[in-house]
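The values are calculated or read from the model by the stated rules, or taken from the named source; none is laboratory data. Keep in mind that this is a model prediction, so the values were computed, not measured. When we count neighbours, we look across all protein chains shown, and the Cβ atoms used for this are built from the backbone with ideal geometry, even at glycine.
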Amino acid sequence: MGFSQSAFIGNPLKPVQRSEIQRAKKRTCMRPMSMALEVGQKVRVCKSVIMYHYPGKRNEPMDVQGLEGVITKDVSHRDGVEVSATCPYVVSFDETPKKFIAHFEESELEVL
């Protein structure tokens, strides 16, 4: 039937097909856990992230998955003290039709 007894995504009471599991694995970012993100690195948004402040489409949902930019700031530390920033990496997108910046989590980015 194509169902796996131990494979559940989302609702644990509803089994899913293996093809759905394979698609879910492809959506994850492929980056070694030891590789830390640093200011100046070129990165790609590897997860679906909906923005509402994209220039020219303000207040409309815009998925930025696949866009490439440069990390311009890491706001996880301030004056040598670690702060609890939810999305600590500021990425500047200069090669898009209109320049803009956005904040991201480490899991949403992959180094190019």
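Of everything in the stretch 79-105, what is loosely packed, with under 10 Cβ neighbours inside 10 Å and under 16 Å from the mean Cα position of the chain (by Cα)? Give them in sequence order.
The answer is THR86, and nothing else.
Going by the conditions given, is SER34 modelled with pLDDT under 90, more than 15 Å from VAL111 (Cα to Cα) and loosely packed, with under 11 Cβ neighbours inside 10 Å?
So SER34 fails the test.
Across the stretch 50-94, what is the number of residues that are modelled with pLDDT of 85 or more, on the phi < 0 side of the Ramachandran plot and either part of a loop (DSSP other than H, G, I, E, B) or touching a Pro at 6+ places or on another chain (Cβ under 9 Å) (or both)?
Residues meeting the conditions: 19.
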